[in-house]
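The values are calculated or read from the model by the stated rules, or taken from the named source; none is laboratory data. All values derive from a computational prediction rather than experimental measurement. Don't worry about glycine lacking a Cβ; one is built from the backbone with ideal geometry, like all the others, and counts go over all protein chains shown.
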Amino acid sequence: MNVIVTGIGLISALGNLETTWKQLLSGQSGISPHQPFGELPTKPLALINNIPSDPTELLEKAIADALIMANLNPPLLDCGVVIGSSRGYQGKLEQLAGSYPTLPRKDAGINLSKFVDYLSFNIALNAAKKIGSTGIILSPMAACSTGIWAIAQGFELIKTKQYERVIVGAVEAPITPLTLAGFEQMGALANTGCYPFDRNREGLVLGEGAAIFILESEDLAQRRKAEIYGEILGFGLTADACYGSKPDRVGKSAIAAIQNCLKNSHLSSYEIDYIHTHGTATKLNDDHEVKLIKQLFPPGVPVSSTKGATGHTLGASGALGVAFGLMTLNEQLLPPCVGLKTPEFDLDFVTCVRSSMVRNILCFSFGFGGQNAIIAMSKA
């Protein structure tokens, strides 16, 4: 049973799906200096508005756009929901914690009921409410690999014939004091911008975003004469079980994820026409990805990262990458690696929009804790 995509909803610092794609192809970036929190220094950020976004608002807008593209109207009673987030409502929880100068006592009269409303599973729960689903609700959390994990779980629900339609994706509003302070302490944040694979790259830039997809069995899509935007072929998911905040430099587990994805998708490395990398612009990640690509793929496969345009949307980044991959398949245009000026590595980096015959695409995601997620897509 083939799993196809009939709807895409995306929101980023560059706008909705159409606007983001157009800006991306022209080499524009949604990154600029900001600091919404007075106690922290100004940093380049990819904010959607001038103040941090609410995850539910991003989620609902992306869902609405995906449903319009898929020509579907709620309620969708028998529709699975698999939507994840690595941070969830962390910003809300920080605000809640900040309103209490000391730990609450039983007699303090403080109502902590809001705490439950801000737990991460509410992202998926709110999505189910939005579409009127009474089906399964899954809320994966796998660091920066969350988006691809969510799509993979939805894929499996259709492949195993549990559902004919599943709404999948990820949302992230990670610009909070704790997240910024944490990445700053690690030395991972850039000071001027995001430059993936560049000799002068400085680190990552946090960004907000959401990407939501309507997955359907091919039979269902054909029965309702839906427009098809691409096919999900397969995926590979592994964990390094090594370090908490850096990849295993040997790369054994990441290699296995790529090989499993190719095997599950019935593809060889020579059949891949484009790789959308994780491309965070950190020293370790970019070096790690380049080694993987050189080891496993023939010379000349086009490569780019879109984080120089959208920022690093953490758990949503893989989902955004899949959206850009589907746009690549439909328009036969490779998106540029925005921010890359002086490549440090010898790969075929796409530095400006390029027309190309594209049939099969891989999208990479690598997350803290050694999470490795690879997904393959093709033109339907």
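Points worth noting:
- Just so you know, in the stretch 294-321 the residues that are small (G, A, S) and out of contact with any helix residue (DSSP H, G or I) (no Cβ under 7 Å at 6 or more places or on another chain) include one that is farthest from A150 (Cα to Cα), and it is G300.
Condition check ((1) farther than 30 Å from C352 by Cα; (2) modelled with pLDDT of 95 or more; (3) surrounded by 20 or more Cβ atoms within 10 Å (Cβ to Cβ)) across all residues:
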residue: L204; (1), (2), (3): no, yes, yes
residue: G209; (1), (2), (3): no, yes, yes
residue: E216; (1), (2), (3): yes, yes, yes
residue: Q222; (1), (2), (3): yes, yes, no
residue: K225; (1), (2), (3): yes, yes, no
residue: Y229; (1), (2), (3): no, yes, yes
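- Checking each residue in the stretch 127-170 for being surrounded by fewer than 19 Cβ atoms within 10 Å (Cβ to Cβ), of a type in the set (A, V, I, L, M) and over 21 Å from the mean Cα position of the chain (by Cα) picks out only I136.
- Test: residue in the stretch 53-76 that is under 19 Å from G308 (Cβ atoms) and of a type in the set (D, E, K, R): no
- Top-ranked residue in the stretch 22-63 [being more than 18 Å from the chain's Cα centre (by Cα) and among the aliphatic types (A, V, I, L, M); ranked as surrounded by the fewest Cβ atoms within 10 Å (Cβ to Cβ)]: I51
- Condition check for S356: surrounded by fewer than 16 Cβ atoms within 10 Å (Cβ to Cβ) and in contact with a strand residue (DSSP E or B) (Cβ under 6 Å, 6 or more places away or on another chain): yes
- Count of residues meeting criterion [of a type in the set (S, T, N, Q) and assigned to a strand (DSSP E or B)] in the stretch 18-45: 1
Each row is one residue, and each column tells you yes or no for (1) within 20 Å of the chain's Cα centre (by Cα); (2) surrounded by fewer than 17 Cβ atoms within 10 Å (Cβ to Cβ); (3) over 20 Å from E231 (Cβ atoms).
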{"residue": "Q259", "(1), (2), (3)": "no, yes, yes"}
{"residue": "S265", "(1), (2), (3)": "no, no, no"}
{"residue": "S269", "(1), (2), (3)": "no, yes, no"}
{"residue": "D273", "(1), (2), (3)": "no, no, no"}
{"residue": "H278", "(1), (2), (3)": "yes, no, yes"}
{"residue": "A281", "(1), (2), (3)": "yes, no, yes"}
{"residue": "E289", "(1), (2), (3)": "yes, no, yes"}
{"residue": "P298", "(1), (2), (3)": "no, yes, yes"}
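- Residues of the stretch 225-235 satisfying the condition of being in a loop (DSSP other than H, G, I, E, B), touching a residue at least 40 places away in the same chain (Cβ under 8 Å) and either over 24 Å from A128 (Cα atoms) or of a type outside the set (G, A, S) (or both): E227, I228, Y229
- The selection criterion, being of a type outside the set (S, T, Y), within 22 Å of G236 (Cβ to Cβ), surrounded by fewer than 24 Cβ atoms within 10 Å (Cβ to Cβ) and in contact (Cβ under 8 Å) with a residue 12 or more places away in the chain, does not hold for F349.
- Cβ-Cβ under 9 Å pairs, at least 6 apart or on other chains, the stretch 76-96 side within 18 Å of L215 (Cβ to Cβ), far side at pLDDT below 95 and among the hydroxyl-bearing types (S, T, Y): G84/S120
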